[in-house]
Every structure is written in structure tokens, then in C-alpha cells.
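Working notes, beginning with the structure itself.
The values are calculated or read from the model by the stated rules, or taken from the named source; none is laboratory data. It should be emphasised that the depicted structure is a prediction, and the values quoted were computed from it without experimental measurement. Backbone-built Cβ (ideal geometry, glycine too); neighbour counts: all protein chains shown. Heavy atoms of the whole protein, side chains included, go into the accessibility calculation; ligands, DNA and RNA do not. Shrake-Rupley method; radii C 1.70, N 1.55, O 1.52, S 1.80 Å.
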Amino acid sequence: METTTGSFAVKKGLAQMLKGGVIMDVVTPEHAKIAEDAGACAVMALERVPADIRADGGVARMSDPGMIEAIMKSVTIPVMAKCRIGHFVEAQILEAIGVDYIDESEVLTPADDAHHVNKHDFKVPFVCGARNLGEALRRISEGAAMIRTKGEAGTGDVVEAVKHARAVLGEIRRLSNMAEEELFTYAKEIGAPVALVKEVRELGRLPVVNFAAGGVATPADAALMMQLGVDGVFVGSGIFKSGDPAKRAAAIVKAVTHFQDAAILAEVSRNLGEPMVGRNVSTMPEIEKIAGRGW
Amino acid sequence: MKIGVLALQGDFAEHIVTLKRLGVETAEVRLPRQLDDLDGLILPGGESTTIAKLAIAFGLMEPLRIFAREKAIWGTCAGAILLSKDAKRDQPLLGLMDITVERNAFGRQVDSFEVDLDIPELKAATATQAPYHAVFIRAPLIESVSGSARSLSQLADGRIVAALQGKLLATSFHPELTPDDRFHEYFLSLAR
């Protein structure tokens, strides 16, 4: 019996196990325990949540491997970590310490202004952000085994995540109605490989798991993204920048499971304390937006 | 026949796709009343800690135990952990099968793997000969079986990756991730 590791099926497979779940940003082992106890299906280990990265400015890099390992030791659920766009050595380091998923993330400062990491080179799977179908398919062609919306991280404003989810899912719906001969020009227009465009048309969805991320702050935000059609939700600053992280985290987990049940959504939304202080994306200077990072 | 899939978290949609391909009526189960008219239930892959917390929060643990008295239940990966009596750590379990499991027994995600398994009982039940291609994702191992539970399949080194006890079925791997429907057919024969 020959065993195979690092195949696309097992990379994509872990993301399939995360579906219907909430992946939470954590900066300490204590946070990670709170997230796990609240029912997170995975955690994202990083030194600063996006809201703090935004506030601090400067260059944001991969977190200290020692800090990530401490979080890996503290929980049994999968642990993800971020590398900079195009920084394949940060990715090699994260693979070497055994993280379960790498987020090649626009939240960190890009290390390459033209190329992303060739994710086929790795046994560890990658998740990447996307604002539209073309961007999602470019990342998948580079080897991403999971896609998420970019949203606008660290704002607590869900509008960009909604925009990106509607873009991807709406383009898939339009693609489903196209004639075969239209696919070639369409693939060229959106900058995606025609083989993947055809696959999406056949499946009626992305060929990998598709989560929401970037600005989710409440149970209602999470359920909104699920009703729009994503497979699960990342919550970054929204939990540990709020008044009662444990309670809010558990409420968002329940909201993702029961995303179509308004009575349960009302129940879990009660008395959650202060949400994170939001930043309105529509009045934010262009230069401060990070979703445009990525090519 | 109507088969439910516990839809609290995990890859329940993949199980439903396979069941529909086999012409079975399906239902997503998130609340106890949704168990009422089912002939069998699948506990999908996912995170066992997440699924158990949600099952407790929405009052499903006892109804699931009662369901198992007469009906078939199949747990894949996280679902197998939930069915077990012992997961060697402090976490809530249904405790329905006399099996001890070890979570993440093969290591982290980079150690997740695919392998062909020889499963005589599956081949006999489906009148087929081909080996069964199995996908293991951060998989648990069935460390031991006791009582009326018995092993259905082992790796080359003898470690147990599938077990059966009456109408209860546990697999470390994920038949819902592959196009081979034989394990689902086998489960339907238990539920019938």
C-alpha cells in the first residue's frame, strides 16, 4: 500500500473539513484557548490583529515562529499562519514548523509586487484572498487550495467582504449561462486560465472551498456572508477587539451554523457587549486600503 | 429511505451530494426535531470539538444517543471521534461505540495522506473487487476496539482505520471526498 502526502486532494480536503465553521485570529495561546473553547474550527496565529497592524503602520511581516509554535501547542484544532504575498521563504519557514494552512495575505506588506508564491511547490496548503472570480482563479492556478474574500481587514466594516463575495458568486452565476464559445474571451477578460473557467462553469461553484473574510464583526455579519453563499467565515479583529471576546466568539460560531434561522440569530446576538470600534471604509483614504494588494 | 447528515459544522454538503447520487432522500440536521423521520444519520468530517460544543448548545447529545438505539449512525473522521467511548482527552463524546481513538494520530496537515485499502467486507457487500482509495485528513486512528465492536479495515502496519458495532460505523478517512460511492452504499445497507 503506497501512501501519498501533499496531494491537492488532501490540501483541499482540510479546507472542506473547515466548512460551516469560524476561523479566528489569535495573538497568544490564551486567545487560542478562548477561540477553541468557543467552537472555532481553526485559528490564525499572528502577532497583531489587522486592526493593530493598521494602527501601527510600518512593514508587517510573518510572525515569530516561536510564537506560532506556542499557539500550535496550546490547541488541538488546525493552526494557520500568514506569509507576505510572494514571500516564498516565509512560506518555507511556516511549512517547516508544521502549520496546517498558510494564508498568503494582503494584510501583511507584500514582498513581491508582481508575483505570488508558487503554491504547487509546497505540501502545506494555502488560502488566498480574492476580490473577483479572475483573481480567485489566478490564485487557484498558482496552487491555492482555499479562497477567501479580501474584504477590508481590521475595519469591522463588512461592506468590502460583501462586495467581493457578490462579485465572485455573481460572476459564477453569469458564467453558468455562457455559451461554450464565449468562455475563451471571458477567460482572457478576467485573466484566468480557460481550463479553470470551464471547471467552474461545470461545477457551478469554485473548485475549492470559499470563505468570507475582512470586516466581519457580529453574528449577523457572519450569517449575512453565509446567506450570500460562502462556505464559512474568518473573523480577525472582530473578536479580540470587542468587549467580551469569549461570548462574541461563541455567538458567531452559532450564527454560522444556524445562518438561516433568524430566531436563533436573534438569540445569540443578545447582550454581547461592545463590538469592535469600526472604521468606515467609504470614508477611508485609498492609500490606507489593503484589499488592492495582490496581482 | 431518508438519511440525515449532522450539519453543525464540517463537510456535510459533500455527504449529501454522494447520498443524492445514490438516489436517497437527505436532510440537514441542526436541531433535535430534525432527527424525527430519519432512517440513518451521518456525522461528517470537521472539527470534533466544534461539532460537540454545538451539539451540546442545541440539545442534540441525548437525542443522538436515543437515535442510536435503533438506527444506523456513521461517523467519518471527526464523526468517528464523537461516536467513540474514549478519545484520550477531556472532550465531550457521544460514547456510543466501544472504540478508543487517538486524535491527529498521524501528525499535522503536511502528514495527511491518501492510500488504497483492502476492505474484504466492503468488497463482499458491494460485490466489487477494486481496492478502496481512502483520503486521511489530520485523521484519528482507532487505537483499539472492544466489546462487540470489531475492526473493518487496517493499514498495512495493522493499525485500525474503520470499525463496526451493530449499526454503528466509524471510519478514520473520508469516503465523501472521493467519487467511489461504495462506503455510502455499505452504510445504506446498515440503515435498511
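Which residue, of B:Glu25, B:Glu47, is crowded, with 18+ Cβ neighbours inside 10 Å and modelled with pLDDT of 95 or more?
B:Glu47 is the lone residue from the list that is crowded, with 18+ Cβ neighbours inside 10 Å and modelled with pLDDT of 95 or more.
So A:Glu2 clears everything in (1) surrounded by 21 or more Cβ atoms within 10 Å (Cβ to Cβ); (2) out of contact with any helix residue (DSSP H, G or I) (no Cβ under 7 Å at 6 or more places or on another chain) except one condition, right? Which one?
(1)
Which members of the stretch A:222-248 meet the condition of being crowded, with 24+ Cβ neighbours inside 10 Å and closer than 18 Å to A:Lys19 by Cα?
A:Ala222, A:Ala223, A:Met225, A:Val230, A:Asp231, A:Gly232, A:Val233, A:Phe234, A:Val235, A:Gly236
Across the stretch A:56-72, what is the number of residues that are farther than 17 Å from A:Ile102 by Cα and open to solvent by 40 Å² or more (accessible area, probe 1.4 Å)?
Residues of the stretch A:56-72 farther than 17 Å from A:Ile102 by Cα: A:56-59.
Restricting the remaining residues to those that are open to solvent by 40 Å² or more (accessible area, probe 1.4 Å) gives A:56, A:58-59.
Adding up the residues that qualify gives 3.
Cβ-Cβ distance below 8 Å, separation of 6 or more or different chains: which pairs start in the stretch A:224-246 with a residue that is closer than 20 Å to A:Lys82 by Cα and end on one that is of a type in the set (Val, Ile, Thr) and open to solvent by 20 Å² or more (accessible area, probe 1.4 Å)?
A:Gly238/A:Thr218; A:Phe240/A:Val27; A:Lys241/A:Val277
Taking only pairs six or more apart or across chains, which ones have beta-carbon atoms under 6 Å, a first residue in the stretch A:32-49 that is within 11 Å of chain B (Cβ to nearest Cβ), and a second residue that is open to solvent by 10 Å² or more (accessible area, probe 1.4 Å) and in a loop (DSSP other than H, G, I, E, B)?
Partner pairs satisfying both residue conditions: A:Glu36/A:Val75; A:Cys41/B:Glu47.
Considering only residues that are farther than 27 Å from A:Lys123 by Cβ, part of a helix (DSSP H, G or I) and open to solvent by 10 Å² or more (accessible area, probe 1.4 Å), which ones fall in the stretch A:140-162?
Of everything in the stretch A:140-162, those that are farther than 27 Å from A:Lys123 by Cβ, part of a helix (DSSP H, G or I) and open to solvent by 10 Å² or more (accessible area, probe 1.4 Å) turn out to be A:Val159, A:Glu160, A:Val162.
State all residues of the stretch A:89-110 that are part of a strand (DSSP E or B) and within 14 Å of chain B (Cβ to nearest Cβ); if no residue qualifies, say none.
Step one: list which residues in the stretch A:89-110 are part of a strand (DSSP E or B), which gives A:101-105.
A:Tyr101, A:Ile102, A:Asp103 - these are the residues of the stretch A:89-110 that are part of a strand (DSSP E or B) and within 14 Å of chain B (Cβ to nearest Cβ).
Looking only at the stretch A:172-195, how many residues end up being in contact with a helix residue (DSSP H, G or I) (Cβ under 7 Å, 6 or more places away or on another chain) and farther than 15 Å from A:Ile147 by Cα?
Residues of the stretch A:172-195 that are in contact with a helix residue (DSSP H, G or I) (Cβ under 7 Å, 6 or more places away or on another chain), as a first pass: A:172, A:175-176, A:178, A:183-184, A:186-187, A:190-194.
If we keep only those that are farther than 15 Å from A:Ile147 by Cα too, we end up with A:175-176, A:178, A:183-184, A:186-187, A:190-191, A:193-194.
Residues meeting the conditions: 11.
Take the residues in the stretch A:2-26 that are more than 8 Å from every other protein chain (Cβ to nearest Cβ) and of a type in the set (A, V, I, L, M, F, W, C), then tell me which one is nearest to A:Phe122 (Cα to Cα).
If we take residues in the stretch A:2-26 being more than 8 Å from every other protein chain (Cβ to nearest Cβ) and of a type in the set (A, V, I, L, M, F, W, C), then A:Phe8 is nearest to A:Phe122 (Cα to Cα).
When the residues of the stretch A:249-285 are filtered to those that are among the charged types (D, E, K, R) and touching a Gly at 6+ places or on another chain (Cβ under 8 Å), which remaining residue is most open to solvent (accessible area, probe 1.4 Å)?
Selected residue: A:Glu274.
State all residues of the stretch A:111-123 that are open to solvent by less than 40 Å² (accessible area, probe 1.4 Å), within 14 Å of another protein chain (Cβ to nearest Cβ) and in contact (Cβ under 8 Å) with a residue 40 or more places away in the chain; if no residue qualifies, say none.
Residue satisfying the conditions is A:Phe122 alone.
Can you pull out every residue in the stretch B:141-180 that is basic (Lys, Arg) and away from chain A (no Cβ under 14 Å)?
Here is the first cut: in the stretch B:141-180, the residues basic (Lys, Arg) are B:150, B:159, B:167.
Of everything in the stretch B:141-180, those that are basic (Lys, Arg) and away from chain A (no Cβ under 14 Å) turn out to be B:Arg150, B:Lys167.
Does the stretch A:128-135 include one or more residues that are of a type in the set (Gly, Ala, Ser) and within 23 Å of A:Asp56 (Cβ to Cβ)? Don't jump to the end; show me each part of the working.
Taking the stretch A:128-135 and keeping what is of a type in the set (Gly, Ala, Ser), we get A:129-130, A:134.
This time we only want the ones that are within 23 Å of A:Asp56 (Cβ to Cβ), so: A:129.
Yes, there is a match, as at least one residue in the stretch A:128-135 is of a type in the set (Gly, Ala, Ser) and within 23 Å of A:Asp56 (Cβ to Cβ).
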